[in-house]
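The next block holds one structure in the form of structure tokens; read it before the comments.
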């Protein structure tokens, strides 16, 4: 195998490790993922209960302010009763009084509903907070350990970035550019193994391990014997031998 194909294979290996290291730095370790998800869900639920209670308090306050305004309006209408001069004016005033009273009743029901919602959300929040305290303690302890490890992981990422740049410089720009395009298209899988199929004949049949496209015998020889960098004619991934992995 040529140095170029080995370099490309090494470049691929380093690229995958670098991607995994960057993803780790951006998230949490595998052993903390379940705890992280549990904590995130529990924290979001508590926040939702807090928001629910706050929203209900706001609606209660708005309803009580509206009730106060409506009661002032009711007093004004009631004070106008002695000033009514005929039946038509009296009927109109009664209609206004009934409307205001109905509004007050509706607002009082809204305020009562908001009070009940505040009580329910607050009680649920208090109950869940008891269980959340232990979860949060475990989560914070795990995060503290992870934060202590992060510098080491960051140093490893820097080493991999430097190594990747070094390997890229040893390859042609065209190969590197094509690799990047393939990695983007195939979610990081830009190389495929040249695999051998079991046949009843003495002749070997070689194929791309990713798309199962049959590779011409001469192409297989060039890859296996001379280490030539060649792409699969179907999926366009770079082909390498198993020993290059």
For the chain, the fraction of alpha-carbon pairs in successive 5 Å shells from zero, as % | 1, 5, 9, 9, 8, 6, 6, 6, 6, 5, 5, 5, 5, 4, 4, 4, 3, 3, 2, 2, 1, 1, 0, 0
Specify the residue with the greatest mean-square fluctuation among 151, 82, 29, computed from a Gaussian network of the chain linking alpha-carbon atoms under 10 Å apart.
-> 82
DSSP beta bridges in the chain: the antiparallel percent, rounded to 5, is 70
Rounded to the nearest Å, the spacing of the alpha-carbon centers of the stretch 110-129 and the stretch 143-176 is 51
With runs of 4+ DSSP H residues as the only contributors, calculate the mean residue ellipticity of the chain at 222 nm using -39,500 (n - 2.57) per run, divided by the residue total and rounded to the nearest 500.
-> -27000 deg cm²/dmol
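Roughly speaking, what % of Cα-Cα pairs in the stretch 107-245 are separated by over 19 Å, rounded to a whole number?
Working: 6838 of 9591 pairs.
That fraction is 71 percent.
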Of all DSSP beta bridges having both residues in the stretch 174-244, the percent classed as antiparallel (nearest 5) is 70
What percent do you get for the relative contact order of the chain when only Cα pairs under 8 Å and 6+ apart count?
-> 29
In degrees rounded to 10, the 0-90 angle between helix 173-185 Cα long axis and the longest Cα principal axis of the chain is 40
Which order do 199, 241 fall in if you start with the one that has the fewest other Cβ atoms within 10 Å?
-> 199, 241
Please determine, in degrees from 0 to 90 and to the nearest 10, the orientation of helix 3-26 with respect to the longest principal axis defined by the Cα atoms of the chain, where the helix direction is its Cα long axis.
-> 20
Could you give the angle, 0 to 90 degrees to the nearest 10, between helix 217-226's Cα long axis and the longest principal axis of the Cα atoms of the chain?
-> 80
Footprinting proxy, 172, 209: sorted fewest to most Cβ within 10 Å, the residues are 172, 209
At what distance in nm do the modelled label points of residue 140 and residue 158 sit from each other, each positioned 7 Å from its Cα along Cα→Cβ?
-> 3.1
When the convex hull of the Cα atoms of the stretch 1-90 is projected onto a plane and the area is averaged over all directions, what value comes out in nm²?
-> 13.6
Hydrodynamic radius by Kirkwood, which averages 1/r over all alpha carbon pairs of the stretch 158-224, in angstrom = 14.2
Taking neighbour counts of Cβ atoms within 10 Å as a proxy for exposure, in what order, fewest first, do 77, 186 appear?
-> 186, 77
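Where a number appears in this text, it was derived from the coordinates with a stated rule and is not lab data. Treat the numbers as computed from the prediction; the structure is a model and nothing was measured. Quick reminder, even Gly has a Cβ in these numbers, built from the backbone with ideal geometry, and neighbours come from all protein chains shown.
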